[in-house]
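Bear in mind these aren't lab numbers, they're just calculated from the coordinates by the rules spelled out. Computed from a predicted structure; not experimentally measured. We place every Cβ from the backbone using ideal geometry, glycine too, and count neighbours over all the protein chains shown.
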Amino acid sequence: MRAVALGIVVGAFALAVSSLTGQTADGRDRDHDYDAPKPGSYELPVVRRASGGTLIENTGKSVDLTELTRGRITVLSFIYTRCAAGRACPYASNTLGQLQLASVNEPDLAKQMRLVSVSFDPAYDTPQRMSEYAAAMRETEKGCEWRFATVKRDELNAVLNAYGQAVDSRADAADPQGPLSHVLRVFLIDAQGRVRNIYSSATLDTRLLLADVKTLLLERQR
């Protein structure tokens, strides 16, 4: 059963990747047909403080979310491993994977950026399943760190509410896109633990994320 579920996720991941194959040399595609901004040519406002909550990492270790949103620039994505909607979790995980690949040859990114994928499906996403998901999503162990965890069950609602992450059960648990319906939200958090941008499925673009991360890096240097 695990192999089947993981196969569905990997298939959706491949679909998300294939949607990027129409990119031009400057990274444009049909969904993001614009020039990426130059890092440091703009400022990102402080949206709010990034909230905490107890997580269980894929290693089985408990950690507070605040520990993963301080000290480095963090890109935080809420996902669940059974999601097979191409423009949702697989798309977000693909984008984070592209960020990790970009950091392999950029020492500043590798040292100062952190990626975090947090599941809101604790009943299903055990540490073992999160480890399987991590292995399926990562293309390299090099570059910046990428942490995988699940929200502790009794703190799930508080964490989701704090981040405005809507999640509902689908009427049909066998829906091919997955049993849970949710709005895609990916958060850019600075080293001080402040949310600086929130991306949706329409605005989640690797080029924009890289420009935003590098803008925050330049801000730290000033």
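Tell me, which cysteines of the chain are without a disulfide-compatible partner by the Cβ under 4.7 Å rule?
Result for the chain is Cys144, no neighbouring Cys Cβ within the cutoff.
A 22 angstrom limit on the alpha carbon distance is what I want to check against. Which of Lys61/Lys214; Lys111/Lys152; Lys111/Lys142 exceed it?
Lys61/Lys214; Lys111/Lys152
Give a quick list of trypsin sites (Lys or Arg not before Pro) in region 127-205 that DSSP marks as loop, anything other than H, G, I, E or B, with at most 13 other Cβ atoms within 10 Å. Could you put the intermediate results ahead of the total?
Details: sites: Arg129, Arg138, Lys142, Arg147, Lys152, Arg153, Arg170, Arg185, Arg194, Arg196; in loops: Arg138, Lys142, Lys152, Arg170, Arg185.
Sites meeting the loop and neighbour criteria: Lys142, Arg170.
Report the charge-dipole magnitude of the chain in Debye, nearest 20, computed about the Cα centre from +1 at each Lys and Arg Cβ and -1 at each Asp and Glu Cβ.
420
Say each of Glu43 and Asp168 gets a label point 7 Å from the Cα, pointing the same way as Cα to Cβ; how far apart are those two points in nm?
Result: 3.9 nm between the two label points.
Is there a quick way to get the dipole size of region 38-122? I mean about its Cα centre, with the Cβ of Lys and Arg at +1 and of Asp and Glu at -1; what is the value in debye to the nearest 20?
Charge dipole of region 38-122: 120 debye, to the nearest 20.
Mean Kyte-Doolittle of at least 0.5 and a Cα length of 20 Å or more along the axis: which whole DSSP H helices of the chain meet both?
2-18
Answer with one residue from Gly178, Tyr199, Leu68: the one whose Cα lies farthest towards the positive end of the charge dipole of the chain, charges on Cβ with Lys, Arg +1 and Asp, Glu -1.
After comparing all options, I get Leu68.
Restrict the search to region 136-193; then list the chymotrypsin sites (Phe, Trp or Tyr not before Pro) that DSSP places in a loop and that have at most 11 other Cβ atoms within 10 Å of their Cβ.
When the chymotrypsin sites (Phe, Trp or Tyr not before Pro) of region 136-193 are filtered for loop state and at most 11 Cβ neighbours within 10 Å, nothing remains.
Among Ile189, Ser117, Asn161, which residue has its Cα furthest toward the positive end of the charge dipole of the chain, with +1 on Lys/Arg Cβ and -1 on Asp/Glu Cβ?
Ile189
Note the listed values (1) 118; (2) 173; (3) 107, then indicate which one is volume of the Cα convex hull per residue in Å³ calculated from this particular structure.
Looking at volume of the Cα convex hull per residue in Å³ for this model, the match is (1).
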